[in-house]
Amino acid sequence: MQLFQFLIVGVIVIFIMGIRIVRPTNRGLIERLGKYHHFANPGFNWIIPVIDSMYLVNITEQMIDAEPQEIITNDNLNARVDAQVYFKIKPDEDNVKNSQYYVNNFRYQIVSLARTTLRNIIGTMTLKSANSERGKINQELLKTLEKETTNWGVEIVRTELKEIDPPKDVQETMNKVVKAENEKLAAVDYATAAETAADGTKRSEIKKAEGIKQAMILKAEGEAEAIRLVNEAANKYFTGNAQVLRKIEAVEKSLQNNAKVVLPNNAELVNVIGEMAGIAPLKNL
């Protein structure tokens with residue numbers, strides 16, 4: 001009886017010792033006597049104590065630093081370059097196995113591969129182009145890592161250049177160049193604004209001069225029209241008065257000699273005198 005109880009207790013202890021709980025962020029590889037036996041999914045799992053071993057593998061997204069390094073650019077400048085690689089292990093059984101059995105220490109391998117790839121990429125670029133084309137460098141680095149890690153069970157999510165720093169003296173020179181370029185752009189903008197204002201003033205003066213010109217033309221045309229009307233009136237009324245004047249002068253000369261003038265009924269002189277006196281002319285009988 002005691003032996004039976006001892007066996008029951010032993011079985012319970014062995015059972016408890018073999019319990020393994022796998023979280024959703026992990027997957028498990030169970031080896032029996034040093035050989036892969038089966039795959040452990042999240043939740044409850046049981047292994048044979050001592051005989052079986054479980055190795056947990058994190059499948060969440062992770063980041064590793066490629067570590068700063070000095071890279072000689074195409075224009076013979078030493079640039080301090082650092083990058084970060086974001087990756088995760090694919091959660092299916094084959095890929096989890098590959099990450100542990102296909103490559104030795106995949107994290108170290110990714111770092112080494114990223115550093116080598118960065119040297120190859122940036123070594124063909126000038127320091128200025130490397131700073132201005134970070135997106136291109138990230139894309140090429142990502143493409144190379146994805147290609148080289150295809151059989152590692154690893155998914156390269158993205159890569160980010162952390163820094164591309166030139167030597168201190170080169171950085172100071174670049175800062176001076178940038179400052180000079182900014183000052184040049186500011187001067188060009190000011191000159192453009194001044195030119196635009198001058199053009200506006202010029203157009204305003206031209207419009208003003210055109211308005212004055214048009215006003216003078218209209219004024220001259222008005223004066224010419226007034227003169228024309230005056231001339232027409234003068235020609236009309238002056239001509240009539242001259243005829244009357246000549247008639248009066250003829251009468252005056254006749255009266256100076258005390259001559260006797262006989263006026264017929266239809267004589268115009270009566271009408272002439274009447275016109276000068278403001279009397280209506282006589283009608284012919």
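Please go through the stretch 33-85 and give me each residue that is of a type in the set (Ser, Thr, Tyr) and farther than 21 Å from GLY153 by Cβ, ordered by number. Across the stretch 33-85, the qualifying residue is only THR73.
Within the stretch 1-34, the set of residues being basic (Lys, Arg) and under 60 Å from the mean Cα position of the chain (by Cα) comprises ARG20, ARG23, ARG27. Which residue, of VAL111, VAL157, is surrounded by fewer than 16 Cβ atoms within 10 Å (Cβ to Cβ), under 30 Å from ASP94 (Cα atoms) and modelled with pLDDT of 90 or more? Going through VAL111, VAL157 in turn, just one is surrounded by fewer than 16 Cβ atoms within 10 Å (Cβ to Cβ), under 30 Å from ASP94 (Cα atoms) and modelled with pLDDT of 90 or more: VAL157.
The values are calculated or read from the model by the stated rules, or taken from the named source; none is laboratory data. Everything numeric here is computed off the predicted structure, so don't read it as measured data. Here the Cβ is made from the backbone with ideal geometry for all residues, glycine too, and neighbour counts use every protein chain on show.
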